[in-house]
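What follows is a short report on a single structure.
We did not get these values from a lab; they are worked out from the coordinates using the rules stated. Quick caveat: nothing in here was measured; it's all calculated off a predicted structure. Reconstructed Cβ throughout: ideal geometry from the backbone, glycine too, with neighbour counts over all protein chains shown.
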Amino acid sequence: MISVEGLKVEFGIKPLFSDVTFVINKRDRIALVGKNGAGKSTLLKILCGKQQPTAGNVAFPNDITIGYLPQVMNNQDGTTVREETCKAFAGNAALKERIDKMERLLGEREDYESAEYMELVQKFSQEHERYQMMGAGNYEAEVERTLTGLGFLRSDFERPTSEFSGGWRMRIELAKILLQRPDVLLLDEPTNHLDIESIQWLEQFLAQSSSAVVMVSHDRAFINNVTNRTLEISCGKIIDYRVKYDEYVVLRKERREQQIRAYENQQKEIAEIKDFIEKFRYKPTKSVQVQSRIKQLAKIVPIEIDDVDTSALRLKFPASLRSGDYPLICEDVRKNYASHVVFDHVSLTIKRGEKVAFVGKNGEGKSTLVKCIMNEIPFDGSLKVGHNVQIGYFAQNQAQLLDENLSVFETIDNVATGDIRLRINDILGAFMFGGESSEKKVKVLSGGERSRLAMIKLLLEPVNFLILDEPTNHLDMQSKDVLKEAVRSFDGTAIIVSHDREFLDGLVTKVYEFGGGQVKEHLGGIYDFLRSHNIDSLNHLEKPSEKKSDDKTTDETISTSGKQSYADQKEQRRLIRKAEKAVADSEVQIERYEKRLKELDDLLCLPENASNMVYITEYTSTKRCLDDEVERWERLSEELERLI
């Protein structure tokens with residue numbers, strides 16, 4: 001389908017990669033791997049024609065279609081979720097026109113045995129099948145099925161896209177690409193903003209798709225379940241492994257060991273040649289042999305090995321105080337915003353040394369309970385943090401607390417102690433801050449880079465209770481391995497909020513499931529939970545008690561109504577949360593205006609300020625703003641009461 005030959009890309013003196021040659025065949029499922037900065041995203045851009053290589057070419061048939069999902073997109077507003085997704089079918093009319101034209105040609109021709117006629121028949125069949133797969137004009141059901149699979153509620157379909165975050169907009173774009181059913185799918189980190197259920201749905205979709213797939217992903221479980229071939233960009237070259245990722249890891253280790261042996265033998269040979277040259281350089285009787293050795297030395301092509309290998313890097317948290325036997329005890333914890341209950345009757349006990357996972361759909365209260373534990377928000381019930389507990393907390397806002405004037409190296413050097421200070425560069429390299437990146441100032445780092453730096457900082461602080469909220473979002477596979485091993489060997493207690501199954505596998509021994517205002521405890525690892533989840537819940541966190549019946553239709557009706565009821569309830573909760581937040585924000589603004597009015601009133605009571613026009617003008621303006629805000633608060637409160 002796609003033939004890549006002699007590809008070369010240069011951004012500086014040293015090529016990013018060169019002499020890259022491979023072929024993408026039908027039904028190939030390819031994982032594109034390599035360390036950060038190796039050129040994975042660049043290669044995807046070249047394959048879809050959005051970037052031109054320095055040399056070489058990419059060849060594919062004229063009628064091939066390519067769907068490309070980038071990491072970063074330029075989103076446009078002005079449409080609803082449904083309208084934006086339906087743009088995937090904009091090419092339906094052109095495709096129908098091509099099919100009709102081929103059908104007319106088939107009716108006009110009589111050379112039924114000719115190769116050209118058979119080729120036309122085959123082409124007509126392929127295009128007609130594609131048109132049928134794309135919905136044949138009746139694509140509404142397919143749009144709804146895809147959006148629902150990617151986590152949208154039906155009530156979201158008519159909402160403007162401008163109301164959604166970047167992650168949810170990425171899901172819209174992914175839905176559009178999947179609905180187009182292209183011949184080749186190029187996906188750059190498609191799971192970055194998906195939860196476990198959406199990732200599983202995408203896995204099933206790709207497994208049933210007839211498209212070839214080339215993807216970059218740091219979700220090991222996802223690429224293991226989807227791909228059957230691995231292309232590694234290493235040392236500026238492409239190495240083709242026709243196996244899944246896990247098998248590739250084994251083969252790569254063997255290949256690297258061979259590389260090291262070959263490199264050592266080559267270095268030994270070079271040293272021997274140089275010794276001979278130096279020893280006999282000035283002896284006339286050996287001049288011919290010396291010249292021969294010099295030519296031999298010039299012909300040697302140096303064997304390259306990846307300059308960074310983090311597979312052997314191990315981090316261990318510094319020693320800290322021993323905590324009490326029960327670092328966390330929750331009894332009947334409840335969190336609500338007005339009439340909306342996030343969760344209620346939450347009772348759980350976490351013992352010292354336990355590592356547990358918080359899982360569930362977005363918005364079900366995982367981060368809310370974490371904030372309750374950190375005492376960042378008020379709650380009802382009893383929540384006790386045990387004796388001598390030292391909490392290390394990682395959340396997205398932790399990255400904003402870094403000193404912007406320090407460099408990456410200085411940030412870590414300030415918290416590193418003992419022998420670990422000798423390994424700072426190795427640690428930074430393991431988290432994609434190798435080379436000159438370690439000298440960057442924090443203020444120029446992207447959000448993802450700051451999160452990674454905050455994670456390294458946390459790894460070097462003496463704590464005995466870790467709370468990690470989506471810690472792997474900005475890490476590549478090697479960095480994840482380093483973090484996972486550090487948490488696994490951590491002597492203390494850990495709560496991990498994550499959608500990354502591979503990261504949680506073998507790390508946690510208990511799973512707390514958030515959904516429907518409840519928190520349920522599941523003993524065992526993440527895959528134990530997923531197996532029971534698929535069997536018992538049919539991909540829904542809440543399900544009505546099953547009723548035995550011989551009537552299959554009745555059971556299906558009950559299941560469907562249960563799903564719809566849950567969706568309606570969740571949408572209602574979302575609207576209430578939104579309205580409550582608006583009321584709360586308005587109350588904060590009113591309080592701010594009232595406080596300032598009191599300050600101005602006190603100032604104007606002073607004789608020297610009695611005729612101060614600046615204060616008088618500000619007082620009038622603030623009073624007007626307060627009156628407007630009070631009216632707004634009344635409208636918002638009425639809207640909230642209607643929802644409740």
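Some points to look at:
- Rounded Å value of the spacing that divides the Cα centres of the range 590-641 and the range 341-376: 40
- Stretching the chain fully between Arg109 and Thr509 yields a gain of 137.1 nm (0.36 nm per residue, less the alpha carbon separation).
- Additional length obtainable on full extension of the chain from Asn425 to Glu331, 0.36 nm per residue less Cα span: 29.4 nm
- In summary, the lysines within cross-link reach of Lys123, defined as a Cα separation below 23 angstrom excluding same-chain residues under 8 places away, comprise Lys26, Lys96, Lys101.
- Label-zone membership for the range 243-280, site Lys237, 7 angstrom Cα→C-beta point, backbone N under 11 Å: 259
- Whether the range 413-475 is rounded, prolate or oblate, judged on the alpha carbon gyration tensor where a/c under 1.5 counts as rounded: oblate
- In the chain, Rg over Rh equals 1.04, where Rg is the alpha-carbon radius of gyration and Rh the Kirkwood radius from pairwise Cα distances.
- Selection from Thr191, Pro378, Val341 lying farthest towards where the dipole of the chain points positive, charges on Cβ: Thr191
- When each of the peptides 578-585, 147-154 is scored by how many other beta carbons lie within 10 Å of its residues on average, the order from highest to lowest is 147-154, 578-585.
- What the Cβ-Cβ distance of Glu587 and Val415 gives, at R0 = 51 Å and to the nearest 0.05, is a FRET efficiency of 0.85.
- Packing, taken as the mean count of other beta carbons within 10 Å per residue, orders the peptides 41-51, 279-289 from highest to lowest as 41-51, 279-289.
- Percent of C-alpha pairs per 5 Å bin, the range 99-213, short to long: 2, 10, 18, 18, 15, 11, 8, 7, 6, 4, 2, 0
- Projecting label points 7 angstrom from Cα along Cα→Cβ for Ser3 and Glu140 puts them 4.6 nm apart.
- Charge dipole of the chain about the Cα centre (unit charges at C-beta), most positive-ward option of Gly67, Val9, Met455: Val9
- The dipole here belongs to the range 201-349: it is taken about the Cα centre, uses +1 on the Cβ of Lys and Arg and -1 on the Cβ of Asp and Glu, and is about 1160 debye.
- Spacing of the two label points (7 Å from each Cα toward its C-beta) at Glu634 and Ile303, in nm: 8.3
- Only DSSP H runs of four or more residues enter the estimate; each adds -39500 (n - 2.57), and after division by the residues of the chain the mean residue ellipticity at 222 nm equals -14500 deg cm²/dmol.
- Between Ser292 and Ile616, residue separation times 0.36 nm minus the direct Cα-Cα distance comes to 107.1 nm.
- Most to least packed among 210-218, 259-267, 156-164 [average Cβ atoms within 10 Å]: 210-218, 156-164, 259-267
- Among the listed pairs Lys366/Lys441; Lys14/Lys286; Lys50/Lys244; Lys237/Lys299; Lys253/Lys366, those whose Cα-Cα separation exceeds 30 Å are Lys366/Lys441; Lys14/Lys286; Lys253/Lys366.
- Normalised by the number of residues in the chain, the average gap of Cα pairs under 8 Å and 6 or more apart makes the relative contact order 12 percent.
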